[in-house]
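The values are calculated or read from the model by the stated rules, or taken from the named source; none is laboratory data. Please read these numbers as outputs of a predicted model, since none were measured by experiment. Here the Cβ is made from the backbone with ideal geometry for all residues, glycine too, and neighbour counts use every protein chain on show. Surface areas here come from the heavy atoms of the whole protein model, side chains and all, with no ligands, DNA or RNA. Shrake-Rupley method; radii C 1.70, N 1.55, O 1.52, S 1.80 Å.
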Amino acid sequence: MTILLATNNAHKVDELQSVLRRTLADLQIVRPADIGLALDVEEDAMTLEGNAYRKAIAFHHASGMACIADDTGLEVDALNGAPGVHSARFAGPEASYNENCELLLQKLEQIPDDNRRARFRTILCFVDSHRTEFAEGMCAGHILGEGRGTAGFGYDPLFVPDGYEHSFAEMSADQKNAISHRGRALQALAERFAEYRDPESAQSAKAHRALNNGSKAEHGQPIRRWLCEAAVLALRQNNEQLREFLDRYTREHHDVGQMYEALLQIYLFAGFPAALEALTTLRSVVNSEGQAWYAEDDEAYDLREFQRRGTETCQRIYTSVYTAMRERVSQLSSHLDTWMIIEGYGKVLSRPRLDIVSRELVSVAVLAYSGWERQLLSHLRGALNVGATADDCEMALDCAARHSSELGSLRARAVWQRLQVSTKNS
């Protein structure tokens with residue numbers, strides 16, 4: 001199999017090649033320069049997923065080849081997740097690595113060492129003529145007070161991963177790639193490829209890794225489970241139970257932004273009262289913990305932009321049934337179709353600070369709890385389309401089942417089983 005690396009960044013090419021050769025040794029890796037392709041893709045999406053998809057699909061259309069693209073962001077807790085999707089241009093469109101690092105240090109100048117938690121997050125997008133796949137990799141750590149080391153690129157001199165004393169820029173390429181966000185994303189993508197080639201071996205390897213990493217998996221719930229559970233609790237209108245749950249979340253994860261986005265999103269399915277009550281509870285918990293409230297991105301109110309990115313997000317979620325879905329809604333009302341794209345997909349589901357996979361899983365949990373079976377089927381399919389795994393979907397359904405009636409839980413599971421059967425038969 002031959003894959004084109006959809007990037008013009010020489011540092012990324014070197015790192016991607018190094019990890020791919022180790023994780024997918026049978027691949028033939030091609031750079032744009034190898035085939036004489038010069039393509040500059042504007043990375044102005046509001047999410048890492050959006051930018052990775054834009055690059056992958058643009059290079060695929062230009063070359064006709066299978067392509068892998070990535071987008072990576074550094075998320076700093078004390079800056080409410082910034083620079084995030086803007087990491088590469090934090091100090092300006094043409095900023096150098098040094099200028100971005102200097103601006104980050106300036107913004108953290110008054111922040112004590114014990115409050116400099118951060119994580120690198122990479123989203124990979126693979127596109128060929130048959131499918132689109134997403135994979136995510138994350139590496140948690142903290143930001144230093146000054147840069148150390150000369151290897152690597154970007155924010156590497158400032159970032160020390162958890163469990164290590166050296167910055168990424170002080171590590172060898174092999175050391176960094178073994179634990180880095182990009183390495184983990186590529187490993188996750190390699191597992192997807194393995195599932196296509198040999199499903200039984202892939203499942204066995206996955207189970208083996210889960211057994212070996214059991215202690216790590218037991219240390220707190222994954223972020224997405226917290227988000228799904230909180231969204232369902234918000235629908236139950238039990239503020240005392242929700243407050244207790246959010247109190248545990250903020251103590252363990254400190255990421256107010258992701259929870260804010262998940263709770264805000266429920267207004268699409270349960271109305272503004274549910275979202276406002278949940279967000280009020282979250283703010284009360286955050287204030288009691290002495291944490292900073294979520295600072296949203298200063299986003300211009302641009303209906304044309306909302307419609308553009310809403311259309312793009314809706315296409316990613318619905319893929320082959322996108323046109324049919326919109327035609328069905330338009331038959332009810334053309335205004336409803338436009339409103340759905342702008343309000344639902346453009347303003348909410350495309351908002352930054354929470355990836356589209358997490359958003360779709362929250363939607364699955366909410367719809368499973370609410371009993372909207374037709375919409376649940378659509379969003380389960382959509383979650384898989386944007387890169388969620390079957391295990392992710394099972395988790396979201398489980399969050400709903402914990403608080404649903406037995407009949408409601410069985411009906412949601414039946415929808416999921418129906419989708420699995422239809423997918424296998426297609």
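For the pairs 176/347; 347/424; 12/424; 55/176, flag any whose C-alpha to C-alpha distance is greater than 29 Å. Walk me through the numbers before you get to the answer.
Details: 176/347 37 Å; 347/424 34 Å; 12/424 36 Å; 55/176 25 Å.
The answer is 176/347; 347/424; 12/424.
Assign unit charges at the C-beta atoms only (+1 for Lys and Arg, -1 for Asp and Glu), then state the dipole size of the chain relative to its Cα centre in Debye, rounded to the nearest 20.
1280 debye
Mind giving me the FRET efficiency for residue 28 and residue 138? R0 is 35 Å, r the Cβ-Cβ distance, nearest 0.05 is fine. Don't jump to the answer; show the numbers that get you there.
On the way: r = 28 Å, r/R0 = 0.81.
In this case the efficiency is close to 0.80.
At 0.36 nm per residue, minus the direct Cα-Cα distance, what do residue 405 and residue 373 gain on full extension? Give it in nm, one decimal, please. Walk me through the numbers on the way to the answer.
Details: separation 32, 0.36 × 32 = 11.52 nm, distance 1.47 nm.
Going from the current span to full extension adds 10.0 nm.
Net charge near residue 147, counting Lys/Arg +1 and Asp/Glu -1 over other residues with Cβ under 12 Å of its Cβ?
Working: positive: 148; negative: 102, 146, 156, 170.
That sum, taken over residues with Cβ under 12 Å, equals -3.
Apply the Karplus parameterisation 6.51 cos²θ - 1.76 cosθ + 1.60, with θ equal to phi minus 60°, to every residue of segment 69-78 and state each ³J(HN,Hα) to the nearest whole Hz, in sequence, with x for glycine and proline.
Result, ordered by residue: 10, 9, 9, 10, x, 9, 10, 9, 4, 5 Hz.
Give me the dipole magnitude in Debye, nearest 20, for segment 299-387 about the Cα centre, with unit charges on the beta carbon: positive for Lys and Arg, negative for Asp and Glu. Before the final figure, lay out the partial values.
Numbers: 12 positive and 10 negative charges, 16 e Å.
Roughly 80 debye for segment 299-387.
Using the heavy atoms of the protein chains alone and a 1.4 angstrom probe, what is the accessible area of the chain per residue in square angstrom?
48 Å²
For segment 339-355, take each phi angle, set θ = phi - 60°, evaluate the Karplus expression 6.51 cos²θ - 1.76 cosθ + 1.60, and give the result in whole Hz per residue in order, putting x for glycine and proline.
4, 4, 5, 6, 6, x, 8, x, 7, 10, 5, 9, 5, x, 6, 9, 5
Please identify, among 370, 129, 284, the residue showing maximal mean-square fluctuation in a Gaussian network model of the chain using a 10 angstrom Cα cutoff.
Comparing 370, 129, 284 in the GNM, the peak value goes to 129.
Given a cut-off of under 8 Å on Cα pairs at least six residues apart, what relative contact order in percent is computed for segment 319-426? Each step should come with its number before you reach the end.
Working: 76 pairs, mean separation 26.0, N = 108.
Relative contact order comes out at 24 percent.
Give the relative contact order (percent, whole number) for segment 1-106; include only Cα pairs under 8 Å separated by 6+ residues. Could you put the intermediate results ahead of the total?
Values: 124 pairs, mean separation 24.4, N = 106.
For segment 1-106, the relative contact order is 23 percent.
Would you calculate, for the chain, the mean residue ellipticity at 222 nm contributed by helices, counting each DSSP H stretch of 4 or more residues as -39,500 (n - 2.57) and dividing by all residues, to the nearest 500?
That comes out to -17500 deg cm²/dmol.
Rounded to the nearest 0.05, what FRET efficiency do residue 175 and residue 328 have when you use their Cβ-Cβ distance and R0 = 60 Å?
0.70
Using modelled backbone amide H atoms (1.01 Å from N, in-plane), which distant-in-sequence or interchain residues come within less than 5 Å of residue 6's amide H?
68, 69
If a/c stays under 1.5 just call it rounded; otherwise compare a/b with b/c (prolate if a/b is bigger, oblate if not). Do that for segment 301-426, with a ≥ b ≥ c from the square roots of the Cα gyration tensor eigenvalues. Let's see the in-between values first.
On the way: a/c = 1.80, a/b = 1.60, b/c = 1.12.
Prolate shape, in that a/c is at least 1.5 and a/b is the bigger ratio.
Take every Cα-Cα pair in segment 228-338 and report what % of them are more than 22 Å apart.
So the pairs more than 22 Å apart make up 47 percent of the total in segment 228-338.
State the percentage of accessible surface on the chain attributable to carbon and sulfur atoms; use a 1.4 Å probe and exclude ligands, DNA and RNA.
Working: 10010 of 20420 Å².
The value for the chain is 49 percent carbon and sulfur by accessible area.
When the chain is fully extended, how far beyond the present Cα-Cα distance does residue 38 get from residue 301, taking 0.36 nm per residue of separation?
Contour length minus the Cα-Cα distance gives 91.3 nm.
From the residues 333, 322, 387, which one has its Cα farthest along the dipole of segment 278-406 in the positive direction, the dipole being from +1 and -1 charges on Cβ of Lys/Arg and Asp/Glu about the Cα centre?
Of the candidates, 333 comes out farthest on the positive side.
Lone cysteines in the chain, defined as no other cysteine's Cβ under 4.7 Å from theirs: which are they?
Here 67, 101, 125, 139, 314, 393 come out as lacking a disulfide-compatible partner, given the Cβ-Cβ threshold of under 4.7 Å.
Could you tell me which of 140, 344, 82 has its Cα farthest along the dipole of the chain towards the positive end, charges placed at Cβ (Lys, Arg +1; Asp, Glu -1), taken about the Cα centre?
Most positive-ward Cα: 344.
For the chain, set up a GNM with springs between Cα atoms under 10 Å and report which of 289, 94, 191 has the largest fluctuation.
The residue that fluctuates most here is 94.
Can you tell me the FRET efficiency between residue 252 and residue 394 if r is taken as the Cβ-Cβ distance and R0 is 22 Å, rounded to the nearest 0.05?
For R0 = 22 Å, the calculated efficiency reads 0.45.
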